[in-house]
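See below for the structure under consideration.
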Amino acid sequence: MKRSNRLRLLLMGPATLALAACDEEPQQAGVFSTVEECVESKTYTESFCRESLEEAKKQHPKVAPKFSSREECEAQYGPGRCDSPYGGSSAQSAQSASSGGGSVWMPLMMGFLAGKVLGNSQPLYQGYQGYPQRREEQQGGAGGGYRSGAGSWGGWQTGDNVKVANRTGVQTVEGSAFRSSTPKTSTVSRGGFGSRASSVGVSS
Amino acid sequence: MKRLAVTPRHDWRATAERLGFTFHTMYGEPYWDESACYVFSLSQIEHDIEDPTAELMAMCYAVVERAVGDEEVLHSLAIPETWWQPIRDSWQRGDRDLYARFDLSYDGREPARLLECNGDTPTSLYEAAFFQWLWLEQALERGIVPPDCDQFNSLQEALIDAFTRMWPDHLVMPGSRTLHLTSVGDNDEDHGTILYLEDCAHQAGLATTVIDIEAIGVDAAGHLTDLDDRVIKALFKLYPWEFLVHEPFEAHLRGPGAPLMLEPCWKMVLSNKGLLPWLWRMFPDHPNLLPSWFANDPGAAAASRRHVVKPLLSREGANVRLVDPDAPGGGMVVDGPYGAEGFVVQDLHPLPVFRGEDGRENHAVVGSWIVAGRPHGLGMREDDGPITVNTSRFVPHVIR
């Protein structure tokens, strides 16, 4: 026979929806800001809680959303809640130093998501529904403190901006919260491809 | 080889739409046409199409091999000089190519002749690889075609297999092998082809992300990025290399931080009509080649009075001029934006004409598909005119 015996489509066909739904099934998980909270939940052992936190910390620099300025980062995560992992604006990341670019900013890890098994815990970030901030307010407290009441802290979310929960504790979360995050960078420019296709067909 | 009128499946449109074939009708005209099919003998497929395709592909690779050591070739193809070294590096590193389509003029009797090689961005892939296969399965089930019909088509299997094997070790991240796929944002046909390739990549176990080519970004270190600010490690682009090399981000496609590209940049040598005169020069009088020259080569004076003039870089038949003093009007011309880089001249080998039951004259071209260097299937296109263009109808085939 000169043709294939059996072919299928996984993404283009109608089976797609069912498959995607299976992957994303909600599951029981713990949202915690500290190991103590995790232990108090009486759902996980202390060592499980500690290891989940350590795993999330390890993931954090890889999966946290990245920004090229403190302002951009704080607009989404709140004043005082961002840090530059390479020592702030004085030192630059290895990546950007080589090309003379700017520094890299990312939100602080504010908690962690513990699942059924070790090894898939995720760092969590707290979104900020910001009101426009005046600079003096941002710099109001010593050591980068911030004035509460200037905006409101939103829910807990993963590095991929998947909304996980509004409160800490053991609860049902979306399966997509555990989708493994990939390392991110920050884009400095877009739109450098595609201009030649404006009017002509490109396939053959 | 003959053209057989058959009954279309009553539900083919619904089936097409359910399975992502959104471009079965283009510009109000049918593109997928199952009111007929082409019938080949097994010997025609194996001896006249499959074997010559394997041989032609080997000859194409020989031209690339020569090009990386001979600047005259790269120069003749109007490839920018900044890209000569990246092409050499890519070829010498063994970057694998995914697929290509030869357009052959074949009438069932004489040797098939290579009209051109679509080495970089061939479409009509989904139709040939999947929908044509599904048509035969259902046509057999419903008694639309005789029960002993087969088809030359292991394309999808070969694509999945190629995606599985193409991955160099240094790109394998723990738990993730992500392929980005890109095409221009507003083209249904290209987008459909991208989604199909995504499906194949997915079946090969790759994680996939589709992005419009206009949306691709770069980070401070010069890596390409997607809309989630992830670095693009491997990129399938349904977008011509000859466009990319002239666009603002082109430098990000060469050098150490560049993604693994599909097709690799050495495919520029095979997606250029200048390939044809080089094939003819290196393999003169090969039975599957047509005499071809660069238009500015004095040797082109030897071309037949019936010939075709094609731009080095052109797609979908654009700017092709067919010169035939014996034909009414002396030939025909397709309009288009190409031609600035120069032209080739190829002796005319008219496409065979198969008259339909409706009296229509169908000029038929054989699309012979290659995946990872091996022949894997066939797709027929037909047109009312002698030059195959973007809207030429796709007609299924059987072996019997």
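Please state which of the following conditions B:D285 fails to meet, knowing it meets all the rest: (1) free of Cβ contacts under 8 Å to residues at least 60 places away in the same chain; (2) within 13 Å of chain A (Cβ to nearest Cβ); (3) farther than 23 Å from B:A158 by Cα. Failing condition for B:D285: (2).
Taken together, the criteria exclude B:K273 from residues that are in a strand (DSSP E or B), crowded, with 21+ Cβ neighbours inside 10 Å and of a type in the set (K, R).
Would you point out which residue out of B:R177, B:R165, B:R101, B:R113 is under 17 Å from the mean Cα position of the chain (by Cα) and closer than 20 Å to B:Y196 by Cβ?
Details: B:R177 fails: under 17 Å from the mean Cα position of the chain (by Cα); B:R165 fails: under 17 Å from the mean Cα position of the chain (by Cα); B:R113 fails: closer than 20 Å to B:Y196 by Cβ.
Criteria check complete, one pass: B:R101.
Does B:W293 satisfy the condition of being crowded, with 22+ Cβ neighbours inside 10 Å and assigned to a strand (DSSP E or B)? Judged against the criteria, B:W293 is a match. Scoring B:N362 on the criteria (1) within 24 Å of B:D120 (Cα to Cα); (2) surrounded by 19 or more Cβ atoms within 10 Å (Cβ to Cβ) leaves a single failure, condition (1). Taken over the stretch B:134-161, the residue count meeting the criterion of being part of a helix (DSSP H, G or I) and farther than 19 Å from B:L98 by Cβ is 8.
Yes/no per residue for (1) at pLDDT below 80; (2) within 27 Å of A:L118 (Cβ to Cβ); (3) out of contact with any Phe, Trp or Tyr (no Cβ under 9 Å at 6 or more places or on another chain); (4) more than 14 Å from chain B (Cβ to nearest Cβ):
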{"residue": "A:M1", "(1), (2), (3), (4)": "no, no, yes, no"}
{"residue": "A:A20", "(1), (2), (3), (4)": "yes, yes, yes, no"}
{"residue": "A:A29", "(1), (2), (3), (4)": "no, yes, no, yes"}
{"residue": "A:Q76", "(1), (2), (3), (4)": "no, no, no, no"}
{"residue": "A:G80", "(1), (2), (3), (4)": "no, no, no, yes"}
{"residue": "A:S93", "(1), (2), (3), (4)": "yes, no, no, no"}
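Looking only at the stretch B:137-162, which residues are within 11 Å of chain A (Cβ to nearest Cβ), in contact (Cβ under 8 Å) with a residue 60 or more places away in the chain and crowded, with 22+ Cβ neighbours inside 10 Å? If the condition is that a residue be within 11 Å of chain A (Cβ to nearest Cβ), in contact (Cβ under 8 Å) with a residue 60 or more places away in the chain and crowded, with 22+ Cβ neighbours inside 10 Å, then B:Q151, B:F152, B:N153, B:S154, B:L155, B:A158, B:L159 are the ones that fit.
Note on the stretch B:69-98: residues that are in a loop (DSSP other than H, G, I, E, B) and either farther than 15 Å from B:A251 by Cβ or polar (S, T, N, Q) (or both) amount to 10.
Please determine whether any residue of the stretch A:132-145 is at pLDDT 85 or above and of a type in the set (G, A, S). Lay out the reasoning, then the answer.
Of all residues in the stretch A:132-145, those at pLDDT 85 or above come to none.
Scanning the stretch A:132-145 turns up no residue that is at pLDDT 85 or above and of a type in the set (G, A, S).
Which residues, counting only those in the stretch B:1-24, are within 13 Å of chain A (Cβ to nearest Cβ) and among the basic types (K, R)? Show your work before the answer.
Our first condition is that a residue be within 13 Å of chain A (Cβ to nearest Cβ); within the stretch B:1-24, this holds for B:14-23.
Selection gives B:R18 alone.
Quick check: anything in the stretch B:178-189 surrounded by 23 or more Cβ atoms within 10 Å (Cβ to Cβ), over 26 Å from B:P86 (Cβ atoms) and among the small types (G, A, S)? No, there is no match, as no residue in the stretch B:178-189 is surrounded by 23 or more Cβ atoms within 10 Å (Cβ to Cβ), over 26 Å from B:P86 (Cβ atoms) and among the small types (G, A, S).
From the set of residues in the stretch B:25-59 that are surrounded by 19 or more Cβ atoms within 10 Å (Cβ to Cβ) and in a loop (DSSP other than H, G, I, E, B), which is farthest from the other protein chains (Cβ to nearest Cβ)? Filtering first and then ranking leaves B:D33.
Among the residues of the stretch B:229-249, those that are over 15 Å from B:P80 (Cα atoms) and at the interface with chain A (Cβ under 7 Å from one of its Cβ atoms) comprise B:D229, B:R230, B:V231, B:L238, B:Y239. When the residues of the stretch A:56-71 are filtered to those that are in contact with a strand residue (DSSP E or B) (Cβ under 8 Å, 6 or more places away or on another chain) and at pLDDT 85 or above, the one that is farthest from A:V162 (Cα to Cα) is A:R70.
Residue by residue, here is whether (1) surrounded by fewer than 21 Cβ atoms within 10 Å (Cβ to Cβ); (2) without any contact (Cβ under 8 Å) to a residue 12 or more places away in the chain; (3) of a type in the set (S, T, N, Q) holds:
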residue	(1), (2), (3)
B:L312	no, no, no
B:N319	yes, no, yes
B:D324	yes, no, no
B:D347	yes, no, no
B:L351	no, no, no
B:G377	no, no, no
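Applying the set (1) facing chain A (nearest Cβ under 10 Å); (2) part of a loop (DSSP other than H, G, I, E, B); (3) acidic (D, E) to B:E116 leaves exactly one unmet item: (2).
Counting only strands (runs of 3 or more DSSP E) wholly contained in the stretch B:312-400, the ones carrying 2 or more residues that are under 24 Å from B:K2 (Cβ atoms) occupy B:353-355, B:361-371, B:374-383, B:393-395, B:397-399.
Residues A:T187, A:T158: which one is at pLDDT 80 or above, under 30 Å from B:V218 (Cβ atoms), within 14 Å of chain B (Cβ to nearest Cβ) and more than 15 Å from the chain's Cα centre (by Cα)? Give the derivation first.
Values: A:T158 fails: more than 15 Å from the chain's Cα centre (by Cα).
Only one candidate passes the filter, namely A:T187.
The values are calculated or read from the model by the stated rules, or taken from the named source; none is laboratory data. Here the structure is a predicted model, which means the values were calculated and not measured. Reconstructed Cβ throughout: ideal geometry from the backbone, glycine too, with neighbour counts over all protein chains shown.
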